[in-house]
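What follows is a short report on a single structure.
The values are calculated or read from the model by the stated rules, or taken from the named source; none is laboratory data. Keep in mind the model is a prediction, meaning the values are calculated, not measured. As a convention, Cβ positions derive from the backbone with ideal geometry for all residues, glycine included, and neighbour counts pool all protein chains shown. Note: accessible area is taken over every heavy atom of the protein model, side chains too, but ligands, DNA and RNA are not part of it. Shrake-Rupley method; radii C 1.70, N 1.55, O 1.52, S 1.80 Å.
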Amino acid sequence: MVSVLFVCLGNICRSPMAEAVLRHKVVQKGLARSISVDSAGTGDWHIGSVPHEGTRKLLDSWKISYEGMAARKVVSQDLQDFDYIIGMDNSNVANLRKLPGGDEAVILKFMDLLPDEKLREVPDPYFTGNFEEVYQLINAGCDILLDKIIQEKL
């Protein structure tokens, strides 16, 4: 089983959106038994909370399930348990690298999947309110990530 962990600040906007989108794509390709997807935050403010209302509304509009998702904080064990650990911005990546084992884990920045985009970080819609922009980036990046996983691991 190949495992993917998306990480953002509070685990209620960007990383759960990415988790839901990639899960949806995995199911569509019939790979649910081969790829698992999760998300976490570097902060603990929203532990146990469902995704942000803006994330839920956007996912609903695309008929993408977020059922059963609840915010959690990333822990150092995650760095050993997941094959792909993907931070949504520079701060997330830096915080992941500070965890015990973070200097050894394979940690990617999400926007590195989209090298032709001008943005180098996924904007936080908790602050910008622009959930659609984030969805477009995540949707495109998840397509590339899924292809990468298929080529590298399956």
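Some values worked out for this structure:
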quantity	calculated
Per residue value of the accessible surface for the chain (all protein chains in place, 1.4 Å probe), Å²	50
Solvent exposure ordering (accessible area, 1.4 Å, most first) of T55, T128, T42	T128, T42, T55
Proximal lysines to K98, defined as alpha-carbon separation beneath 30 angstrom and excluding residues fewer than eight positions away on the same chain	K73, K109, K118, K148, K153
Fraction of accessible area attributable to carbon and sulfur, the chain (%, probe 1.4 Å)	49
Pair-distance profile P(r), taking every C-alpha pair of the chain, with 5 angstrom steps and integer %	2, 10, 21, 24, 23, 14, 5, 0
For the stretch 70-154, the spread of Cα positions along each principal axis, largest first, Å	33, 32, 26
Shape of the stretch 15-92, Cα gyration tensor, a/c cut at 1.5	oblate
Among 2-10, 33-41, the order from most to least packed when residues are scored by Cβ within 10 Å on average	2-10, 33-41
